Structures are given as C-alpha cells and as structure tokens.
Amino acid sequence: MRGIVYDGTSTELVEGLTVRAPGPRDVIVEIAAAGLCHSDLSYMRGLYPVPAPAVCGHEGAGVVVEVGAAVTHVTPGDHVIISTLASCGFCEQCAAGRPTACRSTLANWSQPFTLDGQPIYNFAAASVFTERTVVRDQQCVKIPQDVPLTSAAIVGCGVITGIGAVFNRADVRLGQSAVVFGVGGVGLNVIQALKVKGASTIIAVDTVPEKEALAHRFGATHFVDGTRDDVVDAVVSIRPHSEAAVRGAFNSGGVDWAFDCVAQPQVTYNALECLDWEGTVVVIGVAGQTAEFHGLYGRLTQVDRGIIGCRYGSSSPMRDFPLIVDLYRRGEILLDELVTTTYPIERWREAVHELESGAVARSVVTL
C-alpha cells in the first residue's frame, strides 16, 4: 500500500506499507478520502508527543473491507466515517454517552502497520492517509451510500469539532448572539451550527478578509477583519450595551457566546473581552501544552461569565455523525461546500501548501 509516513524528521509518501489483520472487534477500511487538518501538520512538525514513525491522517471515510468476528454493526461494502475516538465502550463516561471523557482515548497508539519489516505506529487511532487502515469497531459509523465520501470524510474531525461545540458543549438558545474567531474548517461549522440553533447574531472574525463571503455563505450575519487593532470594539459595537454603543458596568454589552477556534493567547483574551454578562468562551482550538493565556478576574466574577474547553465537539460519534449526515441530506447544513479542493494522494504537498496559506476551508486527499 501507499501511505504518508512521518518518521520523526520528515514526512514522505511511501510504497510498501502493510496493515495487520483485524482482531475480533476491528474493522479494515479502504480509505476513499481524507481531509487535511492543522492537527496533521502539527504532528508532521513534531509538535505532538506521539511516537514515530507513523502513518498520518485522522479525518477520513471509506468502504469496509473486512471485519473481526465480533463486529456486527458494519459489514464489508458499507460506507463509513472514521472517528478518532478509540474509546473503551465500557467505562462510566462511555456508558453515559461521553466518549470524549474516556481515558482510553488518550495515548492509545499501537503499531498496526509495517514498512520493510519495521513496525509503524498509527496516528490518532485512525491513520487515514493510506489506502487501508485498521480501527476499532466503535470508530466506524455507517452512512448512506448516496453521501459523497469526499464530503463525509471531513465529518470525522473538522465538522464534528465545530458543530459539536455548539450542539453539545455550549447551550446556545434561540435568539442569542455569538462571535466565532477563526473561519477555517472548524469555525465554519461553528457558524452553521449556530444558524441551525437559531442564533440571531453570528459574528465571524478572521485575519483573511477574503473569507468574508465564505463566512456569510455558512450563516454569519457580520464579519470583522481580525487584523484590526480594535477587534473587540468592532464586535461589541454590533451588540452594544445601549444605543450609545458604550460598555456598561462590569463590561456589559457584547455577545452571549465566543467560540475560539484558534487558541492563541490574544485571541482567547479578545474572546473574553467580547462577552456580555453571563457570556461564555468556548475554547476549541488546540494550543501547545505549555501555552498560557491571561485575562481579568473581574470579567468573570459577579457577572457569571465563563471559559470552558471542548474536545472533539464533546461528541458521541455514533449519535452525532448520523445526525450531521441527516441534516446535510435535508439541506440544513453544508458539507460539499466545505471541500475547497481535492488532490490525489500523490499531490498531498499541494494540499499542505493550501492549508498553510489559510485560503481554504478544507483540502481533501483522495486515494
């Protein structure tokens, strides 16, 4: 098989990979399409404490080829989206429908591949930048065969991370307001989820002004250029404390929700400053483990503001992936429009270049 492998120093498309046979609760999936995410680039740059060499990629969809003896919910020929949550399925968190809190989903890498006789690790329990991969049965979510696999692939990370943050982690009520920092693959899904939930004001903020049209297409009501020095003032002016457009006591005025899809200290600080009383910042982006942010205690106390984190949309893939696909088939959310470009795996470096440029929603690699 071909596959994209990071060896701890560099990343290359290699030939000659093999994947082990499935265990009783494993599934072999032939990958049709895989989205390229910033997390993939971070791993390829050595920023994650994950072993190497490993087959890259964690956002994919494909066709079931072979199943283990104990697998009953999918069969060969089924189309599936792959989840990165290799949860145990038995702990208290899994039983309560919160697999993102399952401790087994962290540091559970294994070596299901070989290359020239050398064991090769998986990445994020998925490794979808190859022609075939092996995953646990609970990571395979069956979807209707009329859903394009290039669109289905991005549900496995970018879509569920953004939509899940709104549907599962936040409690956005009809008519509330929100600002979304970062209009990439995740931010666009936050925006369209806010639209589905009935938010009245959805403000998109990005440092690439060309993304304004894309943000509006997915449901943003306003767009603010993130390079401005007065980003907070620009956001608050859309939802002021009074007609005089000034902030009231304890910084009143602003939005009910701020979604930080970037996770940079200044962005998180700005997100907090944009909140009205009782507002909440939801931090979705992934920063380095030693990265810090700061803010004023007075923004939180006495006025019930908060800052919360969100992992993988606080999702339960077996519940949420079918919901997202159903919303897509009913025309309530967009998936096809998220796929800006597709590249055959041989041109994967072009997909990386586009992602780095910030000009795309999602690039998808096809196999």
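The values are calculated or read from the model by the stated rules, or taken from the named source; none is laboratory data. Values in this document were obtained by computation on a predicted structure and should not be read as measured data. Positions of Cβ are generated from backbone atoms using ideal geometry, with glycine treated the same way; all protein chains shown enter the neighbour counts. What goes into the accessible areas is simple: the full protein's heavy atoms, side chains included, and nothing from ligands, DNA or RNA. Shrake-Rupley method; radii C 1.70, N 1.55, O 1.52, S 1.80 Å.
Within the stretch 343-356, is there a residue that is in a loop (DSSP other than H, G, I, E, B) and either touching a Ser or Thr at 6+ places or on another chain (Cβ under 8 Å) or among the β-branched types (Val, Ile, Thr) (or both)?
No, because not a single residue in the stretch 343-356 is in a loop (DSSP other than H, G, I, E, B) and either touching a Ser or Thr at 6+ places or on another chain (Cβ under 8 Å) or among the β-branched types (Val, Ile, Thr) (or both).
Could you tell me which residue of the stretch 1-54 is nearest to residue 159 (Cα to Cα), considering only residues that are of a type in the set (Asp, Glu) and in contact (Cβ under 8 Å) with a residue 12 or more places away in the chain?
Of everything passing the filter in the stretch 1-54, 40 is nearest to residue 159 (Cα to Cα).
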In this structure, is residue 139 within 22 Å of residue 97 (Cβ to Cβ) and either surrounded by 24 or more Cβ atoms within 10 Å (Cβ to Cβ) or not β-branched (Val, Ile, Thr) (or both)? yes
Boolean, residue 346 is open to solvent by 20 Å² or more (accessible area, probe 1.4 Å), at positive phi, of a type in the set (D, E, K, R) and modelled with pLDDT of 95 or more: no
Being closer than 18 Å to residue 163 by Cβ and assigned to a loop (DSSP other than H, G, I, E, B) is the filter here, so list the residues in the stretch 264-295 that pass it. 284, 285, 286
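Would you mind finding the one in 130, 161, 201 that is free of Cβ contacts under 8 Å to residues at least 60 places away in the same chain and not hydrophobic (A, V, I, L, M, F, W, C)? Walk me through it before giving the result.
Working: 130 fails: free of Cβ contacts under 8 Å to residues at least 60 places away in the same chain; 161 fails: free of Cβ contacts under 8 Å to residues at least 60 places away in the same chain.
Sole residue among the options that is free of Cβ contacts under 8 Å to residues at least 60 places away in the same chain and not hydrophobic (A, V, I, L, M, F, W, C): 201.
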Checking the structure you have, find out if any residue of the stretch 62-72 is touching a helix residue (DSSP H, G or I) at 6+ places or on another chain (Cβ under 6 Å) and either without any contact (Cβ under 8 Å) to a residue 12 or more places away in the chain or open to solvent by 40 Å² or more (accessible area, probe 1.4 Å) (or both). no
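For the subset of the stretch 98-115 comprising residues that are outside any helix (DSSP H, G or I) and out of contact with any strand residue (DSSP E or B) (no Cβ under 9 Å at 6 or more places or on another chain), which member is surrounded by the most Cβ atoms within 10 Å (Cβ to Cβ)?
102
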Selection status of residue 172, closer than 16 Å to residue 334 by Cβ, touching an Asp or Glu at 6+ places or on another chain (Cβ under 8 Å) and of a type in the set (A, V, I, L, M): no
Given the stretch 141-237, what strands (runs of 3 or more DSSP E) lie entirely inside it while holding 1 or more residues that are under 22 Å from residue 37 (Cα atoms) and modelled with pLDDT of 95 or more? 177-181, 201-206
When you go through 333, 324 one by one, which is the residue that is crowded, with 22+ Cβ neighbours inside 10 Å and part of a loop (DSSP other than H, G, I, E, B)? 333
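Listed here are the residues, each with its yes/no results for (1) aliphatic (A, V, I, L, M); (2) touching a Gly at 6+ places or on another chain (Cβ under 9 Å).
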site: 55; (1), (2): yes, yes
site: 58; (1), (2): no, yes
site: 61; (1), (2): yes, yes
site: 67; (1), (2): yes, no
site: 78; (1), (2): no, no
site: 86; (1), (2): yes, no
Whichever residue in the stretch 264-317 is among the small types (Gly, Ala, Ser) and out of contact with any Leu (no Cβ under 9 Å at 6 or more places or on another chain) and, among such residues, is modelled with the lowest pLDDT: 287
Does residue 168 count as touching a helix residue (DSSP H, G or I) at 6+ places or on another chain (Cβ under 9 Å) and open to solvent by less than 30 Å² (accessible area, probe 1.4 Å)? no
Got a number for residues in the stretch 231-260 being within 17 Å of residue 190 (Cα to Cα) and open to solvent by 30 Å² or more (accessible area, probe 1.4 Å)? 1
Tell me which strands (runs of 3 or more DSSP E) are completely within the stretch 6-97 and hold 1 or more residues being touching a Lys or Arg at 6+ places or on another chain (Cβ under 6 Å) and either at pLDDT 95 or above or farther than 19 Å from residue 351 by Cβ (or both), or say none if there are none. 11-15, 17-19, 26-36, 79-82
